[in-house]
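Participant: Below you'll find the structure I mean.
All of the numbers you see were taken from the coordinates with simple rules; none came from a lab. Note that the structure is a prediction, hence the values are computed from the model and not measured. For neighbour counting, all protein chains shown are included, and Cβ atoms are generated from backbone atoms with ideal geometry for every residue, glycine included.
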Amino acid sequence: MKYLNYFKMTIPALSRNESFARTAVSAFVSQLDPLVSQLSDIRASVSEAVTNCIVHAYDGKDEAGKITITAKINEDTAYIRIKDNGCGIEDIKQAMEPLFTTKPEEERTGLGFAVMESCADKVKVSSGKNKGTTVSLTFKIVKKEVL
Amino acid sequence: MNVTFTRTDELLSARLYGEIDHHTARDMRMLIDSEIEGTLPKSLILDFSGVQFMDSSGIGLILGRKRLVEALGGGLYIKNTKPHIRKIISLAGLDNLIISERSK
Ligand SMILES: Nc1ncnc2c1ncn2[C@@H]1O[C@H](COP(=O)(O)OP(=O)(O)OP(=O)(O)O)[C@@H](O)[C@H]1O
Ligand SMILES: [Mg+2]
């Protein structure tokens, strides 16, 4: 498929990059003029996926861990991919269950995937034990001028 | 400062500023907890009027403080949430904690 535009960036798994990552993706997708509320959805979803890389994939301690974010757009759709090379997820179905968390002691509530699912049109997770994790988010763009 | 406090009688109000994510939640948590422990309020109100962004880390922040004030015999309430923040709060099933300015 030929895209209108794309970008790719790799950042270290530092918590201060959570804000940078969601802001960068949101700025990139802005060129399609989505509704402000959809940009909020995109920021929240990217924030969840990137935070999961930092907190879970690299267990909050591997600051050398890398997160690669790719965003591709065509006229009416944004495809965003967040990839890590961390510990991976053994049981994806269970991980995506609302309120399931492996870190309740750190005030995690198991709602990250639930936020992504309620914000994005499609959420796809590929992972396996020690295989890293890739989260693919699809947003059908709702343009400002339509309303 | 990303949290400011006002106190009247048994009510502690914490006004949060900026963006709430995993990176910023830790500092907010420490500030709020030390204020709760120092003042032992009956009610804690989290005022979100200055919050521009929140993800599931904010839910952890709310629930953790709720547990703390409830353990002290009090309650936690939320006010002034923008629509996209309310969406996350609803998803967590915490709508019942939201109070409107007037019904305080
Ligand atoms: N990138 C990842 N690498 C490894 N494990 C992951 C990754 N993302 C999610 N997980 C696993 O899936 C679980 C659920 O993730 P989810 O984001 O829904 O909740 P959480 O991060 O535990 O809590 P919250 O997002 O509400 O703070 C996590 O507890 C973790 O075990
Ligand atoms: Mg999460």
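Participant: Hand me the list of strands (runs of 3 or more DSSP E) wholly inside segment B:4-104 holding 1 or more residues that are in contact with a Gly (Cβ under 8 Å, 6 or more places away or on another chain).
Facilitator: B:11-20, B:43-54
Participant: Okay, next question. Counting only residues that are hydroxyl-bearing (Ser, Thr, Tyr) and within 12 Å of ligand 2 (Cβ to nearest atom), which one in segment A:16-63 is surrounded by the fewest Cβ atoms within 10 Å (Cβ to Cβ)?
Facilitator: If we take residues in segment A:16-63 being hydroxyl-bearing (Ser, Thr, Tyr) and within 12 Å of ligand 2 (Cβ to nearest atom), then A:THR51 is surrounded by the fewest Cβ atoms within 10 Å (Cβ to Cβ).
Participant: Against the conditions (1) surrounded by 22 or more Cβ atoms within 10 Å (Cβ to Cβ); (2) within 16 Å of ligand 2 (Cβ to nearest atom), where does A:ALA78 fall short? Just the number, please.
Facilitator: Going through the list (1) surrounded by 22 or more Cβ atoms within 10 Å (Cβ to Cβ); (2) within 16 Å of ligand 2 (Cβ to nearest atom), A:ALA78 breaks only (2).
Participant: To continue, here is another question. Only one residue in A:ALA78, A:ALA95, A:ALA27, A:ALA64 is away from chain B (no Cβ under 13 Å), away from ligand 1 (no atom under 15 Å from the Cβ) and free of Cβ contacts under 8 Å to residues at least 40 places away in the same chain, so which one is that?
Facilitator: On inspection, the qualifying residue turns out to be A:ALA27.
Participant: Can you tell me which residue among B:LEU63, B:LEU68 is within 15 Å of ligand 1 (Cβ to nearest atom), of a type in the set (A, V, I, L, M, F, W, C) and over 13 Å from B:LEU16 (Cβ atoms)?
Facilitator: Among B:LEU63, B:LEU68, only B:LEU63 is within 15 Å of ligand 1 (Cβ to nearest atom), of a type in the set (A, V, I, L, M, F, W, C) and over 13 Å from B:LEU16 (Cβ atoms).
Participant: Going residue by residue through segment A:2-12, is there one that turns out to be in contact with a Leu (Cβ under 8 Å, 6 or more places away or on another chain) and either surrounded by 15 or more Cβ atoms within 10 Å (Cβ to Cβ) or within 14 Å of another protein chain (Cβ to nearest Cβ) (or both)?
Facilitator: No: zero hits.
Participant: Just give me the residues in segment B:24-75 being farther than 20 Å from A:VAL115 by Cα and within 14 Å of another protein chain (Cβ to nearest Cβ), in sequence order.
Facilitator: Matches in segment B:24-75: B:ARG26, B:ASP27, B:MET28, B:ARG29, B:MET30, B:ILE32, B:ASP33, B:ARG65, B:LYS66, B:ARG67, B:LEU68.
Participant: Next question. Among the residues of segment A:97-115, write down those that are within 15 Å of the chain's Cα centre (by Cα) and acidic (Asp, Glu).
Facilitator: Residues satisfying the conditions do not exist here.
Participant: Still on this structure, I have one more. So which residues in segment A:111-131 are at the interface with chain B (Cβ under 10 Å from one of its Cβ atoms) and more than 10 Å from ligand 1 (Cβ to nearest atom)?
Facilitator: A:SER118, A:CYS119
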